[in-house]
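Written below as structure tokens is the structure these notes are about.
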Amino acid sequence: MENAKRKNRFAALLIMTLIAVGCLVALPLLFSGCSNEVNQSVSPGLDNQKPEATVDLSIFAVGDVMVHNPQIACQYDASTGTYDYTNNYKYVKDYISQADLALCNVETTFAGKPYSGYPAFCAPDELADALKDTGFDVAITSNNHMMDRGGAGMKRTLEVLRAKGFDTAGSRLNNQEKRYSMTEVKGVKIAVVPYTYETSTGGDSTALNGNVISSENAELINSFNYDTIDTDLAEVQKTCEEARTAGAEIVVLYYHWGEEYQTSPNKWQKYIAQQSVNNMDVDIIFASHPHVLQGMEYLKNQATGKTVPVFYSMGNFISNQRTETLNNRYTEEGMIAKVNLKYMKSEGKITDITMSAIPTWVEKYNSGGRPIYEIIPLDENLQTNETLSSSGNLSRAETALEDANGILKAD
């Protein structure tokens with residue numbers, strides 16, 4: 001009997017203990033809304049968010065887009081009284097259109113009729129349509145032919161390009177406009193800052209192609225003079241700083257410089273490029289004017305170690321300069337310059353940048369009694385390119401590829 005009582009007292013005590021423990025567990029749940037979820041709060045200072053992803057950007061550029069007299073004549077359709085240049089770019093359109101931002105140097109004016117080639121370039125407005133259709137976003141207007149039709153022609157060129165949807169850089173309609181373009185791509189603001197060389201006059205006046213322009217027009221164009229290069233580079237730096245102040249996260253320089261038909265950069269190009277990398281907060285340097293390809297390399301800021309891709313000359317993207325007209329096959333060659341980079345928004349910097357190029361060659365053949373111009377990318381499809389198969393000019397394109405491979409050596 002006594003043993004039975006002890007067992008009963010022990011059982012009762014055990015039950016009371018279990019009830020007490022259960023209350024200790026249950027009470028917090030009652031006061032917290034009786035949730036069954038695990039508390040997901042994180043102690044202060046611990047990051048429970050996903051790591052920030054970099055923004056991948058591709059910025060492409062090409063060299064001189066030129067329109068000589070034969071190119072004007074052959075693109076005319078007498079039945080409609082209009083011009084059409086879209087066929088020139090049919091093989092490179094897929095490349096250009098895939099870029100996040102694509103730049104081209106428009107080395108002509110859109111000043112209206114009469115149209116003309118060298119030495120005073122003026123192309124039909126339809127050329128701007130073709131360039132936009134190809135996928136170009138920013139039209140560079142600072143080059144030695146920008147004033148071929150005077151101040152009025154320079155301004156109409158801007159108006160035409162802007163009406164077609166281009167951002168423009170290199171010239172201005174008035175003093176209130178900026179000397180750079182600003183384009184937002186994938187949430188990143190990219191400024192393009194172009195400058196062209198002037199002809200030396202030995203004085204204070206500004207000249208392009210040996211022609212002195214008025215001080216009013218000189219104020220509306222982006223230019224530099226080799227005679228006053230350090231002073232002028234300080235102005236380029238000021239423009240880059242203004243772009244940064246306005247919110248530019250990436251700054252692209254585009255120089256029109258160098259010596260025509262020379263396949264190596266001269267001392268001025270080398271000097272300007274290194275000074276730009278050392279003293280200006282720039283990320284990429286594209287360039288044109290020599291009408292032939294020149295090398296490309298990475299330059300480092302000597303103080304910070306920042307790496308900047310430099311393309312010394314992207315050659316002619318399209319023109320009538322070739323073996324038959326200049327006895328110079330190198331003028332038929334160009335490139336699509338490619339820069340791929342990763343940008344970290346929170347840190348405000350590029351974390352990785354690479355440069356490469358797709359060489360191009362300007363095909364010219366006759367069909368239907370008129371010449372046909374097409375830009376051929378010298379890529380893996382070269383051997384099966386439809387135009388080259390019918391024109392018989394594959395060997396010339398292969399020679400152009402050999403030339404390009406010899407010149408375009410990235411350090």
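Data for the structure
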quantity	calculated
Aspartates and glutamates whose Cα lies under 17 Å from that of K349, excluding same-chain neighbours fewer than 8 positions away	E52, D56, E184, E241, E249, D281, D283
Residue among P309, G334, V67 farthest towards the positive dipole end of the chain, charges placed on Cβ	P309
Those GluC sites (Glu not before Pro) in the stretch 121-226 that DSSP places in a loop and that have at most 13 other beta carbons within 10 Å	E177, E219
Linear extension gain, E242 paired with E259, 0.36 nm per residue minus alpha-carbon span	3.1 nm
Reach of K164 by Cα under 16 Å, taken over aspartates and glutamates that are not fewer than 8 positions away in the same chain	D84, D125, E126, D129, D133, D137
In Hz, Karplus ³J(HN,Hα) per residue of the stretch 175-185 (6.51, -1.76, 1.60; θ = phi - 60°; x = Gly, Pro)	6, 7, 6, 6, 8, 9, 9, 10, 10, 9, 10
Spacing of the two label points (7 Å from each Cα toward its C-beta) at L326 and Y365, in nm	2.4
Sum of -39500 (n - 2.57) over DSSP H runs of 4+, divided by residues of the chain (222 nm, nearest 500)	-9000 deg cm²/dmol
Integer Hz, Karplus 6.51/-1.76/1.60 couplings in order for the stretch 164-169, x for Gly and Pro	7, x, 7, 7, 10, 8
The stretch 269-393 - share of DSSP beta bridges that are antiparallel (%, nearest 5)	95
Of K155/K186; K186/K270; K189/K409; K132/K186, pairs whose Cα-Cα distance is over 25 Å	K155/K186; K186/K270; K189/K409
Part-to-part distance (alpha-carbon centres) for the stretch 221-281 and the stretch 353-411, which is given in Å	30
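Values quoted throughout were computed directly from the atomic coordinates according to the rules given, and no laboratory measurement underlies them. Here the structure is a predicted model, which is why all the values come from computation and not from measurement. Every residue, glycine as well, gets a Cβ built from its backbone with ideal geometry; the counts of neighbours run over all protein chains shown.
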